[in-house]
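Trainee: First, the structure itself, so that you have it in front of you.
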Amino acid sequence: MAHGGKRAGAGRKPKADEISMIQSMDATLAPIEVWQKLALRVNEGSDTAIKTWLSYRYGQPKQSVDHTTDGDKIESVTVRIIEP
């Protein structure tokens, strides 16, 4: 069983772990301070800060990946239904 299946540590971490990490981060530095620093950097014109701000404000743009055609256009698709 080299691939797949149940493994120790596999899968998404429990929500409780995520909440615990967020609480720990908030105890170290208030989120409002971080947003204020980010806003300051955006106003200074930092490309990285602007990209971060936009990705949190509007989300990441849709990304498309072509795995099969190397960028060539697909002219038509034929679907055949094969019955057993």
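Trainee: Can Ile50 be described as within 23 Å of the chain's Cα centre (by Cα) and of a type in the set (Val, Ile, Thr)?
Mentor: Answer is yes for this residue.
Trainee: Can I ask one more? Evaluate the range 66-77: report whether one residue or more is closer than 22 Å to Ile22 by Cβ and free of Cβ contacts under 8 Å to residues at least 12 places away in the same chain.
Mentor: no
Trainee: Residues in the range 25-54 that are modelled with pLDDT under 90, among the small types (Gly, Ala, Ser) and assigned to a helix (DSSP H, G or I): how many?
Mentor: Of the residues in that region, 1 qualify.
Trainee: Ok, one more. Quick check, is Ser24 more than 18 Å from the chain's Cα centre (by Cα) and among the small types (Gly, Ala, Ser)?
Mentor: Spelling it out, Ser24 is indeed more than 18 Å from the chain's Cα centre (by Cα) and among the small types (Gly, Ala, Ser).
Trainee: Output the qualifying pairs, or none if there are none: Cβ atoms under 9 angstrom, residues six or more apart or on different chains, first residue in the range 23-42 and more than 18 Å from Ser55 (Cβ to Cβ) and in contact (Cβ under 8 Å) with a residue 60 or more places away in the chain, second residue of a type outside the set (Phe, Trp, Tyr) and not in a helix (DSSP H, G or I).
Mentor: none
The values are calculated or read from the model by the stated rules, or taken from the named source; none is laboratory data. All of these numbers come straight from a predicted model, not from anything done at the bench. Here Cβ is always computed from backbone atoms with ideal geometry, including for glycine, and neighbour counts include all displayed protein chains.
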